[in-house]
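Student: Okay, here's the structure, questions in a sec.
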Amino acid sequence: QYDSRFNSTGPQFYKILSSWYMVPIMELIRIYSKKATPEFLASRLDISAAKVKSAVDILSELKIVDGTKILTDFMVMPNAYTQKDINKFYNDILEKAEWSMKYGKKGEKNISTAILRMRKTDMEWAAKELREFRRKLAKRLEEGEGHDAVYALSTLFFRLDRDND
């Protein structure tokens, strides 16, 4: 399911991307419902309760949250990574990944890299395959009940060398 109210060009989308913790707040409210007070969410995300309250106000204004209920099932982050707001969001996520590499507990992270040779013309195909993999994995992990944590799945696929022309 895709909530068409949010797309890569609408101003609503940028409000959600304004801070890395907006989507995790949504997911924690989905998991904990009535227990998801600003203080509880702040402690889970290691941010201030004031930031949580501000985020919940924005999510309420956008009709994504109603009290302790999430009103949307699924949103898709855009692939357009040239805009300033989206870059900020991804940089914030990378900072969280770096923290996890340094301080995260064993079993709460999986970080791996493959360095490979390829044809530049295969980049579009590779990006499509990675997008399909992310969506399939996310759908499978979000099935059922009993969720008790929020994880970020980020894939980085970028060129390491450069042309000498």
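The values are calculated or read from the model by the stated rules, or taken from the named source; none is laboratory data. Just so it is clear, the structure is predicted and the values come from calculations on it, not from any experiment. Note: ideal-geometry Cβ built from the backbone for every residue, glycine included; neighbour counts use all protein chains shown. Ligands, DNA and RNA are excluded from the accessible area calculation, which covers all protein heavy atoms including side chains. Shrake-Rupley method; radii C 1.70, N 1.55, O 1.52, S 1.80 Å.
Student: Can you name the number of the only condition in (1) open to solvent by 100 Å² or more (accessible area, probe 1.4 Å); (2) free of Cβ contacts under 8 Å to residues at least 24 places away in the same chain that Leu160 fails?
Tutor: (2)
Student: Separate question: Out of the residues in the stretch 64-87 that are outside any loop (DSSP other than H, G, I, E, B) and closer than 25 Å to Ala126 by Cβ, which is modelled with the lowest pLDDT?
Tutor: Going residue by residue through the stretch 64-87, those that are outside any loop (DSSP other than H, G, I, E, B) are 65-66, 69-70, 84-87.
Remaining after also requiring closer than 25 Å to Ala126 by Cβ: 86-87.
Values: Ile86: 75, Asn87: 81.
Restricting to residues being outside any loop (DSSP other than H, G, I, E, B) and closer than 25 Å to Ala126 by Cβ, the top hit is Ile86.
Student: Same structure again: Tell me which of these Asp66 doesn't satisfy, since it passes every other one: (1) closer than 24 Å to Ser19 by Cα; (2) surrounded by 13 or more Cβ atoms within 10 Å (Cβ to Cβ).
Tutor: Of the numbered conditions (1) closer than 24 Å to Ser19 by Cα; (2) surrounded by 13 or more Cβ atoms within 10 Å (Cβ to Cβ), the odd one out for Asp66 is (2).
Student: State yes or no: is Ile58 modelled with pLDDT under 90, open to solvent by less than 50 Å² (accessible area, probe 1.4 Å) and within 27 Å of Ile29 (Cβ to Cβ)?
Tutor: Numbers: modelled with pLDDT under 90: yes; open to solvent by less than 50 Å² (accessible area, probe 1.4 Å): yes; within 27 Å of Ile29 (Cβ to Cβ): yes.
Judged against the criteria, Ile58 is a match.
Student: Could you list, in sequence order, the residues of the stretch 22-46 that are touching a residue at least 24 places away in the same chain (Cβ under 8 Å) and open to solvent by less than 30 Å² (accessible area, probe 1.4 Å)?
Tutor: Within the stretch 22-46, Met22, Pro24, Ile25, Met26, Leu28, Ile29, Ala36, Leu45 qualify.
Student: If you take the residues in the stretch 109-148 that are part of a loop (DSSP other than H, G, I, E, B) and surrounded by 10 or more Cβ atoms within 10 Å (Cβ to Cβ), which one is modelled with the lowest pLDDT?
Tutor: The selected residue is Glu142.
Student: Within the stretch 109-132, can you find the residues that are touching a residue at least 12 places away in the same chain (Cβ under 8 Å), farther than 14 Å from Phe158 by Cβ and not β-branched (Val, Ile, Thr)?
Tutor: Arg131
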